[in-house]
Every structure is written in C-alpha cells, then in structure tokens.
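Please treat every number below as a calculation from the coordinates, not as lab data. Since the model is a prediction, treat every value here as computed from it, not as a measurement. Here the Cβ is made from the backbone with ideal geometry for all residues, glycine too, and neighbour counts use every protein chain on show.
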Amino acid sequence: MEYFILAVLWITFCAMHSALISTTFTNILKQKTGNAYRFHRLFYNIFSIVTLIPVVLYTISIKQQPFFVWDGYLLPIKYILMAVGIIFFIMGAQRYSFSQFAGIRQVRNGIDHNLINKTGKLSSSGILGAVRHPFYAGLFPLIWARDLDTAFFIVNIILSVYLIIGTLLEERKLVLEFGDVYREYQQKVSMLFPLKFIKAKLL
C-alpha cells in the first residue's frame, strides 16, 4: 500500500508541475492576470519546492535496504554517471540565466519567454550544441547513480518518464514560439542524449 501511495504522490506532483507551466494554463493566466503574470514563474518555483518537500519526506520514510548497490567493479560507472550529470548542469548553467530560471528577472523587467537564457533567442553554443535540454539530460544519470531500494526504483521510473514527457511538452512550446528555426535546431541537435554530437565527432 505504501508503494501505491508513493507512486500516486509522485505522479500527482509531476502532473501538477507540468500543468502549471503548460501553454493552455499560462495563456489563460496571462489573460486573467495581465501585468501580474510576471510573478508566475517565481510563484511556480516556490510552489514546486513547497509541494516537493512532503513527497520527498514520505519517500525517505519508507526507505528500505537497497536491492541494488553501486559497489565493486560497478563503482566507477556510478562516478561516471555522477560526473556526466554534474557536467551537464555546470555547462547548462553557463548558457542559462539563473534569474530567468528562478523568475526574478520576469518580476523585475516583465520579460517573459520560454527559453531560460538572458536573450530569449535560440543558441547552439556550448552544451546547447550537444543537447537541447542539458538540465533534463543531467538529471537522468544523477537519479540512476544512487543505490536502489523499491521506493527509489519506483521514483526513478516515474521521474524518468516525467522527464521525457516534460521535455516533449517543452519542445512543443518552443516550436510554437520559434517555428521552423527550432525545427532546424531539432534536426541538428539531440534532445537529451548527445547521440548526434557524438556521431558527428566520430565520423
């Protein structure tokens, strides 16, 4: 029963997280709130953190002895996964604007666009020439680099599916905003796993 509750909590959190940033919801919110919409991203982040805390606490409360442990000859793989995830985040942070990501810049300047960089314009420099969504790409190796009990295995499956669905939804918004320019970017650069980048370097 506790694992069923766990799954419901995480799925509900992920669903709310996506719904509150969806194009349908944000368009309605823009029409209803006008200039006050600039607070949306900030309140969205605060709400996400506040609602995540009880879900994480419940997950930890049912933590058991892991059935899979990264040790022995598997330990180097764990460190490689962690390093890859951290590199994606560091390189992504170099291309993104923290104030835009947090929602602070929108409050100050009223500027709103789907990209979380300073300009709101497409860029394929740095890590963005390898993957289109480095933060999401970095989460995959990080969540799977930990030891797994039943609770964390369930959470990892849900988060992995959510990351893929969430990325696809974000892709749809970016196509609506940038049209053919973004479609060309999609053709050149991989979404989450840098297969096209690796292939280009090897050939």
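What about Arg95, is it touching a Ser or Thr at 6+ places or on another chain (Cβ under 7 Å), surrounded by 12 or more Cβ atoms within 10 Å (Cβ to Cβ) and either in contact (Cβ under 8 Å) with a residue 60 or more places away in the chain or among the charged types (D, E, K, R) (or both)?
On the way: touching a Ser or Thr at 6+ places or on another chain (Cβ under 7 Å): yes; surrounded by 12 or more Cβ atoms within 10 Å (Cβ to Cβ): yes; either in contact (Cβ under 8 Å) with a residue 60 or more places away in the chain or among the charged types (D, E, K, R) (or both): yes.
So Arg95 passes the test.
Which count do you get for residues in the range 169-203 that are within 16 Å of Ala130 (Cβ to Cβ), touching an Asp or Glu at 6+ places or on another chain (Cβ under 9 Å) and not hydrophobic (A, V, I, L, M, F, W, C)?
Pass one, the range 169-203, residues within 16 Å of Ala130 (Cβ to Cβ): 185-203.
Keeping just the survivors that are touching an Asp or Glu at 6+ places or on another chain (Cβ under 9 Å) gives 186, 191.
Still in the running and not hydrophobic (A, V, I, L, M, F, W, C): 186.
Summing the residues that are within 16 Å of Ala130 (Cβ to Cβ), touching an Asp or Glu at 6+ places or on another chain (Cβ under 9 Å) and not hydrophobic (A, V, I, L, M, F, W, C) in the range 169-203 gives 1.
The residue pairs whose first member lies in the range 129-158 and is in a helix (DSSP H, G or I), whose second member is of a type in the set (Lys, Arg) and buried (at least 20 other Cβ atoms within 10 Å of the Cβ), and whose beta carbons are closer than 8 Å, counting only pairs six or more residues apart or on different chains, do not exist in this structure. Might you let me know whether the range 163-173 holds any residue that is outside any loop (DSSP other than H, G, I, E, B), buried (at least 17 other Cβ atoms within 10 Å of the Cβ), among the aliphatic types (A, V, I, L, M) and more than 15 Å from the chain's Cα centre (by Cα)? Among the residues of the range 163-173, not one is outside any loop (DSSP other than H, G, I, E, B), buried (at least 17 other Cβ atoms within 10 Å of the Cβ), among the aliphatic types (A, V, I, L, M) and more than 15 Å from the chain's Cα centre (by Cα), which makes the answer no.
Restricting attention to the range 174-203, and to residues there that are in a loop (DSSP other than H, G, I, E, B) and over 13 Å from the mean Cα position of the chain (by Cα), which single residue is farthest from Met16 (Cα to Cα)?
Of the range 174-203, the ones in a loop (DSSP other than H, G, I, E, B) are 179, 189, 191-194, 203.
This time we only want the ones that are over 13 Å from the mean Cα position of the chain (by Cα), so: 179, 189, 193-194, 203.
Values: Gly179: 27, Val189: 29, Phe193: 26, Pro194: 29, Leu203: 43 Å.
Filtering the range 174-203 for residues that are in a loop (DSSP other than H, G, I, E, B) and over 13 Å from the mean Cα position of the chain (by Cα), the one farthest from Met16 (Cα to Cα) comes out as Leu203.
Considering each of Leu29, Leu20, Leu6, Leu52 in turn, give the residue that is surrounded by 13 or more Cβ atoms within 10 Å (Cβ to Cβ) and in contact (Cβ under 8 Å) with a residue 60 or more places away in the chain.
Values: Leu29 fails: in contact (Cβ under 8 Å) with a residue 60 or more places away in the chain; Leu20 fails: in contact (Cβ under 8 Å) with a residue 60 or more places away in the chain; Leu52 fails: in contact (Cβ under 8 Å) with a residue 60 or more places away in the chain.
Of the residues listed, the single one that is surrounded by 13 or more Cβ atoms within 10 Å (Cβ to Cβ) and in contact (Cβ under 8 Å) with a residue 60 or more places away in the chain is Leu6.
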